[in-house]
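The values are calculated or read from the model by the stated rules, or taken from the named source; none is laboratory data. Because the structure is a prediction, the values reported are computed rather than measured. Reconstructed Cβ throughout: ideal geometry from the backbone, glycine too, with neighbour counts over all protein chains shown.
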Amino acid sequence: MLHASFSKQLEKFKLTTNLELGQEILALIGPSGSGKTTLLNCIAGIVQPDEGKILLNSRPFFQEGAKPLKIQNRKVGYLFQDYALFPHLTAEKNILYSLPKKSELPHIDELTGLLGIRGILPKYPHQISGGEKQRVALARALAAKPDILLLDEPFSALDDETRSRCHDELLRIHELWKIPIIFVTHRKADAEKLASRVIRIDRGRMTEQEKT
């Protein structure tokens, strides 16, 4: 269970979050610059709130007046909007980058099979398609067996066929891993297909939307 109740002053407005999330898929929608990515960054530990608290499975990530939990100790999987793959590393080395040496890796074989990327593991990012980059980045985000998965515009650069396939892969991963997933999107169709809940953020204010 994620509990995030905090505020963060941005340049033109204050982001105010009051969110509880179980083993669900949550879509964050809203205009650019409304605070969606900042919310993800606060959960991940890239940005610290000004006040409030963030807890995941009762573990405090951030509590006002206390030292925040380090990023590497949060067990958060994060897929960035531009995928942020290292260009000098193969797909396989990108996936394994954040794992300690001598880690047990049977789940990596499962992940690469589920995502259909075993055949591209020796290739470098410039040698693979946008959809393949997205799946490599997703495998990297899941490699450390996170307790929550954050996705920032994960489907924005994909064509319709690849986007649909990645939707199905994400739903399968959620069914298998049973962890909370939060994803940012500008596409209502993505939210309708994938999310059990949809929250709109506009100038830092959150409103839960009814699914049609």
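Laid out as a table, the results:
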read-out	value
Output for the stretch 173-188, where each listed residue is surrounded by fewer than 18 Cβ atoms within 10 Å (Cβ to Cβ), outside any loop (DSSP other than H, G, I, E, B) and at pLDDT 90 or above	175
Test: residue in the stretch 187-198 that is touching a residue at least 12 places away in the same chain (Cβ under 8 Å), of a type in the set (Gly, Ala, Ser) and on the phi > 0 side of the Ramachandran plot	no
Single residue of 99, 85, 55 found to be surrounded by 11 or more Cβ atoms within 10 Å (Cβ to Cβ), more than 23 Å from residue 173 (Cβ to Cβ) and in contact (Cβ under 8 Å) with a residue 12 or more places away in the chain	55
Condition check for residue 167: without any contact (Cβ under 8 Å) to a residue 40 or more places away in the chain, surrounded by 14 or more Cβ atoms within 10 Å (Cβ to Cβ) and either under 15 Å from the mean Cα position of the chain (by Cα) or not in a strand (DSSP E or B) (or both)	yes
Residues that are surrounded by fewer than 21 Cβ atoms within 10 Å (Cβ to Cβ) and not in a strand (DSSP E or B), drawn from the stretch 191-203	192, 193, 196, 203
The stretch 41-82, subset of a type in the set (A, V, I, L, M, F, W, C) and in a strand (DSSP E or B), residue nearest to residue 130 (Cα to Cα)	79
Pairs, first within 20 Å of residue 72 (Cβ to Cβ) and touching a residue at least 12 places away in the same chain (Cβ under 8 Å) in the stretch 23-43, second assigned to a strand (DSSP E or B) and among the acidic types (Asp, Glu), C-beta under 8 Å, six or more apart	40/152
Counted residues, the stretch 18-47 - those being among the polar types (S, T, N, Q), out of contact with any Lys or Arg (no Cβ under 8 Å at 6 or more places or on another chain) and under 20 Å from residue 60 (Cα atoms)	2
